[in-house]
Structures are given as C-alpha cells and as structure tokens.
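The values are calculated or read from the model by the stated rules, or taken from the named source; none is laboratory data. Only a predicted model underlies this, so the values are computations on that prediction, with no experimental measurement involved. As a convention, Cβ positions derive from the backbone with ideal geometry for all residues, glycine included, and neighbour counts pool all protein chains shown. Just the protein is used for accessible areas: all its heavy atoms, side chains included, with ligands, DNA and RNA removed. Shrake-Rupley method; radii C 1.70, N 1.55, O 1.52, S 1.80 Å.
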Amino acid sequence: MTTQQADRFSSLIGEIYDAAIDPALRSGALEQVAHFVGGCAAMIVSRDSARLSIEIHQHFGADARFRQLYRDRYVEFDPLLDRHLNLAPEQTIGVTDIMPHADFLETTFYREWVEPQGAIDLATVALEKTAARTTVLQVLRHRSRGTVDDAMRERMRLLAPHIQRSQIMGRQIRARSHTVDDLADVLDGLNTAICLLDADGRVVHANAACRQLFADANLLAMVGDRIVARNTQTDKIFRSLCEIDGGARRQIELATAADGQHYLLHAFPLKRDRSLPRDIAATMLFVQRASMLPLLAADAIATAFRLTPSELRVLMAIIEIGGVPDIAAKLGIAETTVKTHLGRLFEKTGAGRQADLVKIAAGFAVPFARRTSGDDRAT
C-alpha cells in the first residue's frame, strides 16, 4: 500500500469499530469497506451448517429486490458461499479460484443475479465460523473494474479480522444494553423508591417510584442532579446513611415527611473499584412508605388456603379495618356472618387470633406497584 492507502486503511478500521458502538454507522462503514477493496456492493451474510436458513446482517449497494432474490432463490447458486467451510479463516476467494471465469459467465447466478446489478465478479472472505453457522463478507466487483485481483483479495483479508471483532463487540454491547433496559423496567415496576447515587451524591438513576417521590416533594426533592431533604430531621438521616462505608453495619432509619407520612430509608454501599470514575454508582438508596397495608397477592392467599371469595373479603377487611363490627358495617353483612367466616379462616390457616391472620397475609406481600387506571389505558 501507498502511504495514502495505509492512512485510509487505518481510518477505515476506526470506522469499523465505531460501528460496533453505534449501529447507525454500520451501513456507512460497510460502504467504505466496499469502496476500499474495490467493490460496488457488499453484504455480510450467514448461513447455518444445515443449509436451511440464510441471514443478511448488513448490506450496501444491493437494493431490497436483489437481497430478497438472493435469500429466496440465488443463494443456492452462489458458488462461493459454502466454500469457506473447508478454508482457512480470513482466506479470501474469488470466482476464478474455483472455476474459469468464462464458465461463471454462463451460470444462472451470474446472468440473473450478478450481471443485472452491473457486476462482473465477486469475492468472499469468512468472518466467523462455528459448528452452527458460517458468516462471510461478500463483495461484488463492478464490470468497469474487471475481475477480482490479488489487491482486492489482500485488502479483504486484512479487513476481515477487524470486521469480525467489531461484530462480536456489537453483539456484546447490545446484549448488555438490553440487560440494562430490562433491569430498568423491573425497577420501575417496584413500589419501593430506588435511587443510585455516585460517590459525590449525584443521582445516577431513579426508578419510577423514586421519581414520583421527588415529584411529590414531601420528603425528598431533586435540585439539579442532587437530592434535597424537605426537613432538618430527614436531611440529617439522609446524610448519615449516605456516609456509611462498605464495612459499616447497614441501618434503616425512620423519617417523617411534610404531610406526616412516615418513610423507611436504607442506604446500601455498592462494591466498586476505587480506580473507576467517581460518577459510577456508589450507593443504592431505598425509600419505602411505612404502612400496615402492604400490597398483597390476594389470589395467591386464596389459592394457598383454599379460601372462598367471601372468606377472602373478610380476611382483607381484617387487615384493613380490624374489628368485627367495623368489618360487618364495611361489607354490609351481619356480625355473626363475619364471625363465621373468621372461624373458617382460623381453621384453614391455623391461626389462633386476628393478629396471626395479619402476619400470615403479610407473607404474601408483593414488591410490584399496582398499576393505576391511567397506566392500564396506556397499555
């Protein structure tokens, strides 16, 4: 290569790896690959070892009609695709490596798929070979450039390992991104407010319950990227929790909001390498409203103890209200009926008093927030 070509090669490698990070750059990178090796169109194609499925991962220069034709019909006529099963990794082959070019010009593959795209030849190089699939880079050569030459083979060989690593990196990045997105969705479904703070106390992430807590601003609020307590007592508790180091005993503190509601605050230090940037999450803060009425899985309680709908209603009323007269008034039934259902609850659950029923039901508390009617309409 000339110095100019070497500089272009170096720049192209950077573009290939940039495409691993940003999928929007993949098409442009493949276009530059095709131009650099002397091609007019390119595809990254994989085929399973049983020859049952074909997938075009990336493409440049071949319009949708020819890509579909390749999948549906002409993949079976491609003389190069399956040749890499027995070739060394990164070995580039052209048509003349397996047959005279004159014979290739007489094939259905050339006359009906290659030539209509303005091409006269093609070359492929294996990017990845496993027991299940083979993935190749296929580049078409325009008729104005003549057949595949040694310079094209060499450039494809040099680029192949970088394209392969870029693809592996891209898969790993996308897998991690999906994991993070899935975890964020799970956290948003919890009724406990959860907030990640960096080493300087700035908010790195807050789940939906935490964002609502900040919006209500009765206990804690957000100013910029920092949490501000709404009263002196809460501020003192919040600061003490966030100053706990990794070896200190975990503590749960009780704070009172401006509206009189009580909240449990718990800060949990995360293990982290001190060499990492300070804006990486260092502390996880949990905030839960103190309540005698946890979110209960009523259906699970009914199934576990074989409760009738009436018995379940009485049990839930015991948790919410307590006394037999009040339950009777709330449900619109006689006190004797409540007592009858209560006796059956004791018998089915093994409880000896109402307090025991509450404890048993508390074991069926669920961490997920109930959807509002607005949420239901949105879904």
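Tabulated data for the structure shown
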quantity	calculated
Phi-based couplings in Hz for region 281-286 (Karplus 6.51, -1.76, 1.60; Gly and Pro marked x)	3, 10, 9, 10, 10, 10
In sequence order, calculated HN-Hα J values of region 206-213 (Karplus, 6.51, -1.76, 1.60; Hz; x Gly/Pro)	9, 7, 4, 5, 6, 5, 5, 4
Fluctuation leader among Gly332, Gly322, Gly201 - the chain, Gaussian network, Cα springs under 10 angstrom	Gly332
Residues whose placed amide H lies under 5 Å from that of Gln91, excluding near-sequence neighbours	Ala126
For Asp225, residues with placed amide H under 5 Å, excluding near neighbours	none
For region 114-180: relative contact order, % (alpha-carbon pairs under 8 angstrom, 6 or more apart)	29 percent
Cut-off under 5 Å, modelled amide H: who pairs with Leu296 long-range	Val366
Accessible heavy-atom area order of Thr92, Thr3, highest first, probe of 1.4 Å	Thr3, Thr92
Sulfur and carbon atoms: percent of accessible area, the chain [1.4 Å]	52 percent
The chain: relative contact order in percent, alpha carbon pairs under 8 Å with at least 6 residues between	11 percent
Inter-label distance for Ala50 and Arg145, nm, one decimal - labels placed 7 Å from Cα along Cα-to-Cβ	3.7 nm
Solvent-accessible area of Glu115 with every protein chain in place, 1.4 Å probe, in Å² to the nearest 10	80 Å²
Simple spin-label estimate for Gln4 and Ala215 in nanometres, 7 Å along Cα-Cβ	5.9 nm
Accessible area of Phe268 in the full protein assembly, 1.4 Å probe (Å², nearest 10)	80 Å²
Zero-based 10 Å bins, Cα pair distances in region 3-177, whole percents	10, 40, 38, 11, 1
Whole-angstrom gap from region 68-122 to region 293-352, using each part's C-alpha centre	75 Å
Under 25 Å from Lys330, Cα to Cα: lysines that are on another chain or at least 8 residues apart	Lys339, Lys348, Lys359
Residue order for Thr96, Thr256 - accessible surface, 1.4 angstrom probe, largest first	Thr96, Thr256
Listed residues Leu345, Leu187 arranged by accessible area, highest first, probe 1.4 Å	Leu187, Leu345
Calculated [θ] (222 nm, deg cm²/dmol) that DSSP helices of n ≥ 4 give over the chain, each run adding -39,500 (n - 2.57)	-13500 deg cm²/dmol
Hz values of 3J(HN,Hα) by residue in region 353-364 - Karplus curve (6.51, -1.76, 1.60), Gly and Pro given as x	7, 5, 4, 5, 4, 4, 5, 4, 5, 4, x, 9
Accessible surface, the chain, averaged per residue in Å² (probe 1.4 Å)	55 Å²
Within the chain, longest stretch free of exposed trypsin sites (Lys or Arg not before Pro) [DSSP loop, at most 11 other beta carbons within 10 Å]	52-248
